[in-house]
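We did not get these values from a lab; they are worked out from the coordinates using the rules stated. Predicted, not measured: the structure shown is a model, and the values here were computed from it. Neighbour counts run over all protein chains shown; Cβ positions are idealised from the backbone, glycine included.
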Amino acid sequence: MAVKKQNVKEATPKLKCNMCEKEYSVITGNYYNHKNKFVSSERFPLCKGCIDKYIGDKESAGHKERVIEILKELNQPFLPDLWENSKCNFNKSTSNYIRNIGLPQYKEMTFSDSVIERKSVSNDEEYEEGYSEKWRGTYPAEDIEFLNNYLSGLMKDFKIINTSHMDYARKICKASLHMDKCFDEMSSAVSGADKRYESAKKIFDDLSKSANFAESSRNKDLSVGSLSKIVDQVENGTYVYKHVPEDQDLYDRLLINKIHVEKSL
């Protein structure tokens with residue numbers, strides 16, 4: 001008797017989303033293609049639902065900046081003309097940006113080929129307005145200035161000795177900027193600003209604690225600034241030398257006393 005062959009359908013491999021932690025089939029309907037050499041999976045391990053939710057509606061504030069952040073992670077280029085031609089739709093229409101960027105003429109392009117709008121302020125220094133590689137986000141000129149100055153202050157106050165510590169320092173700078181803005185909103189009696197400020201403050205405090213950026217860990221090295229302060233205090237008679245006692249035997253103490261007596265004669 002002939003045995004009938006059964007068609008065994010191979011199971012479609014699945015990929016777990018790093019954000020929602022749900023598993024979806026590894027198909028373009030669930031995940032985006034990418035060119036990120038640091039990601040081993042064929043598709044980028046953030047599902048389209050989570051990415052689209054993060055990007056938000058194209059009318060929302062900061063939409064384009066969030067699109068640029070995602071494109072950086074996917075290592076795909078941001079091209080303003082193509083973005084406009086796609087009617088600023090990342091993945092919400094028939095002719096959207098993510099589909100258009102997959103056309104043959106863009107196949108070899110990566111995020112390094114992006115055209116990021118930049119703007120300088122009218123003073124002695126120039127700051128970027130648009131996506132900042134250093135700060136991994138898009139900020140107006142005054143925010144870039146704040147972040148740069150805050151980081152410079154941290155580097156003077158603390159010993160930042162490795163990449164991980166520097167990463168914490170940058171996050172603390174951004175947390176401080178966010179907390180500052182929340183405080184301004186709270187001062188202006190904006191609805192819900194008090195809760196946003198408390199949340200921002202907690203993030204700032206937690207980051208500072210993790211990085212050990214506390215008053216007790218400030219750089220204690222004697223600098224030109226601290227030396228000049230001591231000189232000023234000595235000159236105006238307000239400097240008080242802190243004596244640190246040492247273990248001395250009877251002979252040492254007698255010898256020191258003899259020296260003091262001789263000096264006073």
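How about the stretch 10-45: which chymotrypsin sites (Phe, Trp or Tyr not before Pro) there are in a DSSP loop, with at most 13 other Cβ atoms within 10 Å of their Cβ? Answer by residue number: PHE38.
The Cβ shell under 15 Å around TYR31 holds other residues with a net charge of +3, Lys and Arg each +1, Asp and Glu each -1.
On full extension, the segment bounded by LEU82 and VAL115 gains 10.8 nm, given 0.36 nm per residue less the C-alpha separation. Exposure proxy shown here: for ARG136, ARG43, ARG99, the number of other Cβ atoms within 10 Å sets the order, fewest to most, as ARG136, ARG99, ARG43. For the stretch 14-113, the Cβ-based charge dipole about the Cα centre amounts to some 280 debye (Lys, Arg positive; Asp, Glu negative; other atoms uncharged).
Quarter the surface of the alpha carbon convex hull of the stretch 14-113 and you get the mean projected area, 6.2 square nanometres. Each of MET179, MET186 has some number of other Cβ atoms within 10 Å of its Cβ, and from fewest to most they run MET186, MET179. Using the Cβ-Cβ distance between SER40 and HIS165 with R0 set to 30 Å, the FRET efficiency from 1/(1 + (r/R0)^6) comes to roughly 0.65.
Distance between the 7 Å Cα→Cβ label points at LYS92 and MET155: 4.0 nm.
3J(HN,Hα) couplings calculated from phi for the stretch 153-160 with the Karplus curve 6.51 cos²θ - 1.76 cosθ + 1.60 (θ = phi - 60°) are, in sequence order, x, 4, 5, 7, 7, 10, 8, 9 Hz; Gly and Pro show x.
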